[in-house]
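Presented below is the structure to which this report refers.
The values are calculated or read from the model by the stated rules, or taken from the named source; none is laboratory data. These numbers were taken from a predicted model, which means no experiment stands behind them. All Cβ positions, glycine included, derive from the backbone under ideal geometry; neighbour counts span all protein chains shown.
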């Protein structure tokens, strides 16, 4: 046996492979798809990569797309309420990078291969890979993997999807402020987001409905946009007019629609944390990262960023190990990775519930003071700090005092 085997070519698997390669740790990447196949097909996610993730990409030598069409510089937040809408703009500093994973993942896989990386394409069984390597790390979330890493009920409070999603790539929307994300919170119904985005077909707008199950925003998730594009478009415009009228006013009816057939993702995501390691039939162990370990609802845009953080943290643990990469290592590594991941999970889960009074107070203060708004939105770069603010009233009170004292 030799080196590390990584199963999965998402952001977690690819950044882990690149980092281990950089640290001179022998690594084999198992990818079900070629780079060309990763760049094809329907979109599966619409990630925003925050500054720390971009810094890790720079360290790997794979940072790209350094231009405005791939950046988000600010947010425009609208919170609907009984007495009208609360609104505030906020700067996101540094900007987020918003690039289609059908561009991003082939780029990383190509760099790993160009640098001499060992890539095996096609399906592979975890136990078979484990026989070839000192440690196998699983970074994809297909059904067989879900059986290997069962749900951790203590860390998975939701039995099913808390939002039903309909997210696509659109044209024909005007921006009030260039390179700014719009997010509309509709209490009891869910959220509507518009994000400027660099798609594989060029600049576009992500338009996302995150619907509370059974609520009024759910309908588009059940429509067939390919079979009835006119009916689908009509329903999207109707919902924008009712729940995000300011955004609806910026739609050009003559140009509005999906940028191409199939550029749409629909369905539900159940937020779960799975067991972080598993004992295989031969007594060896496998570690889980990425979608094999944690699935968060995309509302807080932390999935790709957690995957990147985990990849670097695990690479450091592997490279610094002074003993065998056995069950004891897997137990310890998984516990160490959870120290950061739990903040992301707890915050993401909390954001799916109606905001408590101290968070509503924060939104109100942000609408009245741009220093608070900017500091709040920029905390999305740092989930540990963000959860420290939002977890309880004392966190919000301390945050507000720091902002108004000039110490955000």
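Summary of computed values
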| item | result |
| --- | --- |
| Which numbered condition residue 87 fails, given (1) on the phi < 0 side of the Ramachandran plot; (2) in contact with a strand residue (DSSP E or B) (Cβ under 6 Å, 6 or more places away or on another chain); (3) surrounded by 16 or more Cβ atoms within 10 Å (Cβ to Cβ) | (3) |
| Residues that are assigned to a helix (DSSP H, G or I) and either over 16 Å from residue 3 (Cβ atoms) or at pLDDT below 95 (or both), drawn from the range 312-329 | 312, 313, 316, 327, 328 |
| Residues located in the range 266-316, provided they are free of Cβ contacts under 8 Å to residues at least 40 places away in the same chain and within 14 Å of the chain's Cα centre (by Cα) | none |
| So residue 349, is it on the phi < 0 side of the Ramachandran plot, in contact (Cβ under 8 Å) with a residue 24 or more places away in the chain and touching a strand residue (DSSP E or B) at 6+ places or on another chain (Cβ under 7 Å) | no |
| Qualifying position, being outside the structural domain of residue 342 (by TED's automatic domain parsing) and touching a strand residue (DSSP E or B) at 6+ places or on another chain (Cβ under 6 Å), among 253, 220 | 220 |
| Test: residue 24 is on the phi > 0 side of the Ramachandran plot and at pLDDT 95 or above | yes |
| Residue in the range 359-382 that is closer than 21 Å to residue 312 by Cβ and without any contact (Cβ under 8 Å) to a residue 60 or more places away in the chain present | yes |
| Lone unmet requirement of (1) in the same structural domain as residue 293 (by TED's automatic domain parsing); (2) at pLDDT 95 or above for residue 41 | (2) |
| Number of positions in the range 3-24 that are part of a loop (DSSP other than H, G, I, E, B) and out of contact with any strand residue (DSSP E or B) (no Cβ under 6 Å at 6 or more places or on another chain) | 4 |
| Residue in the range 71-81 that is outside the structural domain of residue 205 (by TED's automatic domain parsing), surrounded by 14 or more Cβ atoms within 10 Å (Cβ to Cβ) and not in a strand (DSSP E or B) present | no |
| Where residue 20 falls short, out of the listed (1) more than 21 Å from the chain's Cα centre (by Cα); (2) in contact (Cβ under 8 Å) with a residue 60 or more places away in the chain; (3) not assigned by TED's automatic domain parsing to the domain that holds residue 134 | (3) |
| Any hit, the range 351-361, residues being out of contact with any helix residue (DSSP H, G or I) (no Cβ under 7 Å at 6 or more places or on another chain), over 17 Å from residue 186 (Cα atoms) and surrounded by 16 or more Cβ atoms within 10 Å (Cβ to Cβ) | no |
| Per-region count, the range 227-247, residues out of contact with any helix residue (DSSP H, G or I) (no Cβ under 8 Å at 6 or more places or on another chain), in a helix (DSSP H, G or I) and buried (at least 17 other Cβ atoms within 10 Å of the Cβ) | 2 |
